[in-house]
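Enquirer: Quick one: the structure is below, and I'll ask about it shortly.
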Amino acid sequence: MNGHMTPDEFRQHGRQVVDWIADYLERVESYPVRSQSAPGDVRAGLPAHPPETGGSFDDLLADVDRVLMPGVTHWQHPNFFAYFPANATGPAILADLLSSGLGVQGMVWATSPACTELETVVVDWLAELLGLPASFRTDSTGGGVIQDSASSAALVAVLSALQRAGGGKIADSGITGRHTMYVSSQTHSALEKAARIAGIGSANVRVVDVDPRTLAMRPEHLSALIAEDVAAGAVPTLVCATVGTTSTTAIDPVAAVGEICRDRGIWLHIDAAYAGVAAVCPELRWINDGVAEYADSYATNPHKWLLTNFDCGVLWVADREPMISALSILPEFLRTTASASGEVIDYRDWQIPLGRRFRSLKLWSVIRWYGAEGLRAHIRTCVALADEFARLAGTDEDFEVREHHPFGLVCLRPLWTSKSADVANESTMALMERLNDSGALYLSHTKVNGQVVLRMAIGATTTERRHVLDAWERIRAEYRVLNGQR
Ligand SMILES: *Cc1c(COP(=O)(O)O)cnc(C)c1O
C-alpha cells in the first residue's frame, strides 16, 4: 500500500514532471496540432474501474504519454490558430505549481492574508498597465478580482446590476417583475447563460442589431428596444458592450452605448475577454474609449492572450457596493475578527464560489518576469504577424479578408467558383476540415452575414513569422486543390 508521497519522493517525481513539461514545450511543434483521436479512443485506453491498490507515479507518467497525449490538442503549438490563444508560459506554470504546493484556500482574508493582498496588488497593477480608470482601483470605490472565467465575471456583473436595479432588495426578496438585458448578435453566449442563471431568463435578453459591415452594436436600436421595454413595464437592467467579439473581434461603440445607459440608469458591462489586454500597448489603448466615463464593470482574461495559463480572468467594478450587497452572506463559521474590523477584503463576496485558488501568484509571476515591456512585445508581435497575414491573403484574388483586424485575429473567406452560397459555405468548411485533419495547423470558423469565414488567430508564444507564412501557403494550396475539384 502506498502511504502519502514523502517529500523525497515528491522531489524526485517533481523533477521528473518539470523535465517532462520542459521536454514537451521543446518539442510541441512535432505533434499534430489538433488531436487526431476519435471519440472514445482515450476512454478505451483507460481501465473502467479504479485501482484497489496504489501504484507508482512512473506508471502514471507512462500512461500520460501512451493514453492521454494522443488525445491532447496542442494549444501551445506554433501552428495553433483556432479560437483564441490560451498562453501558458514558464513563469505562469511555475507560479501555478507554487499555488498548488501551498494548497491555500483563500476564501476570506484570514485563511491566507497573502492570497488576498497579493491579488489586490496585482489587479491594481493590471488596471494600471491597461490604463483602466482610477475608479477600478481598490483604493477607490471599485476594485478588481480574479475569477475563473469571463463567464463568471459576467454572472457577477448581472447579479450586481440586478441588485442595483432592484434598489438593493433583490438579493433578499428575489426578482419581481420583468428585468431585461441587452446584448448584440455578436455578444458571447456567456451573457445569456448568466441571464438564465440569475433568473432573468433568455426571453428577456434583447438582441440589439449590429451594423452589417462592422458588426458593432447599433445604439439607435438599443435605445428603441429600451424604450419599448420601459413602456411595457420592464426594468432594463444591464447592457453588455463587447470590445473584441469572439467571432470577429468587432468593437461595440462603448461611449454611445454608455450614454444611453447613463441616461436610463442601466448597468454597463464591458466584455473585453480576449482583446482587453491589448491596451497594455499605448497605441492600442483607444480600445478603452468610453470605459472610464461609462463602465460599471469590465472583464478581460489574462488567460487568453496575456501569457498566463488558464484560469485567470479579471473583473473590475467601478462601485463595489452593489456587488457585495448582492453576494455577501455571512454564516457563523466564516466570522473572523479581521473581517468584522472592515479593514480587509474578503474576495468570497466578489465571486460565485466560496473557495478560491491562489491565482494571483501566476499573474504576479508573469508581470514580474516580462515587465510591461515584455507584455507589450508579445501583443505587438502577434498584431504584426496578423497584419502581415492579412496583407498576404488580402492581395490574393481568391480570398476576401475582413478589413477589421486590429488584434491577432484575421477573418478570411475563400472565394469559390460555384456561385451558390450553400456550396461556398460547405466548401469553406471542407477546406478547414482538410487543413485541420492534416495536423499541420489548426483553424476555426465563424459565420458573418450567413457566410462561413475562416478565423486565423495568431497568439501562441511559439508562433514565428515562418509559421504564419507556412500556414498561408497551406491554406492557399489546399484551396487550389479543392476549388479545382468543384
Ligand atoms: C472567450 C470569451 C468569453 C468567454 O471566456 P471564458 O473565460 O471562457 O468564460 C467571453 N467573451 C468573449 C468576448 C470572449 O472572447
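The values are calculated or read from the model by the stated rules, or taken from the named source; none is laboratory data. These numbers come from a predicted model, not from an experiment. Neighbour counts run over all protein chains shown; Cβ positions are idealised from the backbone, glycine included. The accessibility values were calculated without ligands, DNA or RNA, using every heavy atom of the protein model including side chains. Shrake-Rupley method; radii C 1.70, N 1.55, O 1.52, S 1.80 Å.
Enquirer: Sequence gap at least 6, Cα distance under 8 Å: using those rules, report the relative contact order of region 150-203 to the nearest whole percent. Intermediate results must be reported in sequence, preceding the final value.
Expert: Working: 34 pairs, mean separation 24.6, N = 54.
That works out to 46 percent.
Enquirer: ³J(HN,Hα) across region 377-384 via Karplus (A = 6.51, B = -1.76, C = 1.60, θ = phi - 60°), whole Hz, x for Gly/Pro?
Expert: 4, 4, 4, 5, 4, 5, 5, 5
Enquirer: Which whole-number percent is the relative contact order of region 372-482 (Cα, under 8 Å, 6+ apart)?
Expert: Working: 129 pairs, mean separation 29.6, N = 111.
Relative contact order of region 372-482: 27 percent.
Enquirer: Length gain on complete extension for the stretch SER438 to THR336, per 0.36 nm per residue less the alpha carbon to alpha carbon distance?
Expert: Numbers: separation 102, 0.36 × 102 = 36.72 nm, distance 5.76 nm.
Fully extending the segment from SER438 to THR336 adds 31.0 nm.
Enquirer: On to the next question. Through the Karplus equation 6.51 cos²θ - 1.76 cosθ + 1.60, θ set to phi - 60°, convert the phi angles of region 196-212 into ³J(HN,Hα) values in whole Hz; use x for Gly and Pro.
Expert: 5, 5, 6, x, 6, x, 4, 5, 9, 9, 8, 9, 7, 5, 10, 5, x
Enquirer: Ignoring ligands, DNA and RNA, how do THR53, THR308, THR461, THR336 rank by accessible area with a 1.4 Å probe, largest first? Spell out each step's value before the answer.
Expert: Details: THR53 105, THR308 0, THR461 70, THR336 40 Å².
The ranking, largest first, comes out as THR53, THR461, THR336, THR308.
Enquirer: For GLN147, list long-range residues whose amide hydrogen, built 1.01 Å from N in the peptide plane, is under 5 Å from its own amide hydrogen.
Expert: GLY313, VAL314, LEU315
Enquirer: Rounded to two decimals, what is the ratio between the C-alpha radius of gyration of region 104-357 and 2.2 N^0.38 Å? Walk me through the intermediate numbers first.
Expert: Working: Rg = 17.6 Å, N = 254, 2.2 N^0.38 = 18.0 Å.
My calculation over the Cα atoms of region 104-357 gives 0.97.
Enquirer: Run a plain Debye calculation on region 49-178 (Cα atoms as equal point scatterers, no solvent) and give log10 I(q)/I(0) at q = 0.14, 0.15 Å⁻¹, rounded to two decimals, same order as the q list.
Expert: Log10 I(q)/I(0), no solvent term: -1.02, -1.09.
Enquirer: Could I have the simple spin-label model distance between ASP289 and ILE352, label points 7 Å from Cα toward Cβ, reported in nm to one decimal?
Expert: A separation of 3.4 nm, rounded to one decimal place.
Enquirer: Starting from the exponent 0.38 and prefactor 2.2 Å, build the expected Rg for the chain from its residue count and divide its actual Cα Rg by it.
Expert: Details: Rg = 24.0 Å, N = 486, 2.2 N^0.38 = 23.1 Å.
Relative to the rule-of-thumb radius for its length, the chain sits at 1.04.
Enquirer: If you don't mind, there's one more thing I want to ask. Which GluC sites (Glu not before Pro) in region 332-377 sit in a loop by DSSP (not H, G, I, E or B) and have at most 12 other Cβ atoms within 10 Å of their own Cβ? Show your work: numbers first, answer last.
Expert: Numbers: sites: GLU332, GLU343, GLU373; in loops: GLU343.
For GluC sites (Glu not before Pro) across region 332-377 that sit outside H, G, I, E and B with at most 12 neighbouring Cβ atoms in 10 Å, the list reads GLU343.
Enquirer: Would you mind checking region 190-215 for residues with the amide N under 11 Å from a putative spin-label position 7 Å along Cα→C-beta of ALA232?
Expert: Flagged as within label range: 203-207.
Enquirer: Next question, about the same structure. Quick check for you: with a 1.4 Å probe and neighbouring chains kept, what is the accessible area per residue of region 104-357, in Å²? Don't jump to the answer; show the numbers that get you there.
Expert: On the way: 9500 Å² over 254 residues.
So region 104-357 comes to 37 Å² accessible per residue, rounded to a whole number.
Enquirer: Another question, if that's okay. Give, as a single signed number, the net charge of other residues whose beta carbon lies under 14 Å from the beta carbon of LEU284, with Lys and Arg counted +1 and Asp and Glu -1.
Expert: Numbers: positive: ARG285, ARG376, ARG380; negative: GLU283, ASP289, ASP387.
Around LEU284, the surrounding residues sum to 0.
Enquirer: Going by amide H atoms built from the backbone, whose H comes under 5 Å of the H on PHE399, apart from near neighbours?
Expert: Residues meeting the criterion, in which the H sits 1.01 Å from N, are LEU415.
Enquirer: If I model region 152-274 as equal point scatterers sitting on the Cα atoms and use the Debye formula, what is log10 I(q)/I(0) at q = 0.10, 0.15, 0.17 Å⁻¹?
Expert: -0.26, -0.60, -0.78
Enquirer: While we're here: Can you sort LEU159, LEU94 by 1.4 Å-probe accessible area, starting with the largest? Could you put the intermediate results ahead of the total?
Expert: Details: LEU159 45, LEU94 100 Å².
Putting LEU159, LEU94 in descending order of accessible area: LEU94, LEU159.
Enquirer: Given region 372-482, report the % of alpha carbon pairs whose separation exceeds 25 Å.
Expert: Details: 1165 of 6105 pairs.
Tail fraction, whole percent: 19.
Enquirer: Considering only protein heavy atoms, what is the solvent-accessible area of VAL243 at a probe of 1.4 Å, reported in Å² to the nearest 10?
Expert: 0 Å²
Enquirer: Probe radius 1.4 Å, ligands and nucleic acids ignored: give me the carbon and sulfur share of the accessible area of the chain as a rounded percent. Don't skip to the answer; put the middle values down first.
Expert: Details: 11990 of 22040 Å².
In the chain, the share of accessible area belonging to carbon and sulfur is 54 percent.
Enquirer: Excluding ARG402 itself, calculate the net charge of residues whose Cβ lies under 15 Å from the Cβ of ARG402, where each Lys or Arg counts +1 and each Asp or Glu counts -1. List each step's numbers first, then the result.
Expert: Working: positive: ARG213, ARG391, ARG413, LYS447, ARG455; negative: ASP211, ASP387, ASP396, GLU400, GLU403.
For residues surrounding ARG402, the net value is 0.
Enquirer: Given the whole protein assembly as supplied and a 1.4 Å probe, what does the accessible area of ASP59 come to in Å², nearest 10?
Expert: 100 Å²
Enquirer: To continue, here is another question. Figure the gain on full extension for GLU9 and ASN449 (residue separation times 0.36 nm, minus the Cα-Cα span) and round it to one decimal in nm. Write down the numbers at each step before the final one.
Expert: Working: separation 440, 0.36 × 440 = 158.40 nm, distance 5.79 nm.
Taking 0.36 nm per residue and subtracting the Cα distance, the gain is 152.6 nm.
Enquirer: If you don't mind, there's one more thing I want to ask. Using Cα pairs under 8 angstrom and six or more residues apart, how large is the relative contact order of region 104-357, in percent? It would help to have the intermediate numbers written out before the result.
Expert: Working: 500 pairs, mean separation 71.6, N = 254.
Relative contact order here is 28 percent.
Enquirer: Okay, moving on. Hey, rough spin-label estimate for GLN105 and ARG262, points 7 angstrom out along Cα→Cβ, what's it come to in nanometres?
Expert: In this crude label model, GLN105 to ARG262 measures out at 4.5 nm.
Enquirer: Got a sec? Charge dipole of the chain, +1 on Cβ for Lys and Arg, -1 for Asp and Glu; which of PRO32, PHE358, ASN309 is way out at the positive end?
Expert: Of the listed residues, the answer is PRO32.
Enquirer: Among LEU94, CYS411, ILE458, which residue has its Cα furthest toward the positive end of the charge dipole of the chain, with +1 on Lys/Arg Cβ and -1 on Asp/Glu Cβ?
Expert: The Cα lying farthest towards the positive end belongs to CYS411.
Enquirer: Heavy-atom accessible area of MET429 with all protein chains present, probe 1.4 Å, nearest 10 Å²?
Expert: My reading of the accessible area for MET429 is about 50 Å².
Enquirer: For SER184, enumerate residues with amide H under 5 Å from its amide H, sequence gap 5+ or separate chain, H modeled in the peptide plane.
Expert: Correct list: VAL208.
Enquirer: In debye, nearest 20: dipole of region 372-482 around its Cα centre with unit charges on the Cβ of K, R (+) and D, E (-)?
Expert: Details: 14 positive and 16 negative charges, 37 e Å.
It works out to roughly 180 debye.
Enquirer: Each residue of region 409-417 in order: what ³J(HN,Hα) in whole Hz does its phi give by Karplus 6.51 cos²θ - 1.76 cosθ + 1.60, θ = phi - 60°, with x for Gly and Pro?
Expert: Result, rounded to whole Hz: 9, 10, 9, 9, 10, x, 9, 9, 4.
Enquirer: What is the dipole size for the chain, taken about its Cα centre, with +1 at each Lys and Arg Cβ and -1 at each Asp and Glu Cβ, in debye to the nearest 20? Each step should come with its number before you reach the end.
Expert: Details: 42 positive and 57 negative charges, 110 e Å.
Here the chain has a charge dipole of around 520 debye.
Enquirer: Pulled fully out, how much extra length does the chain show between GLU426 and GLU343, if you take 0.36 nm times their separation in residues and subtract their Cα-Cα distance? Could the numbers behind the result be given before it?
Expert: Details: separation 83, 0.36 × 83 = 29.88 nm, distance 6.02 nm.
My answer for the length gained is 23.9 nm.
Enquirer: Any idea how many Lys pairs in the chain come in under 29 angstrom at the alpha carbon, given 8 or more places apart or on separate chains?
Expert: Numbers: LYS169/LYS193; LYS193/LYS304; LYS193/LYS362; LYS193/LYS447; LYS304/LYS362; LYS304/LYS447; LYS419/LYS447.
For the chain, qualifying lysine pairs total 7.
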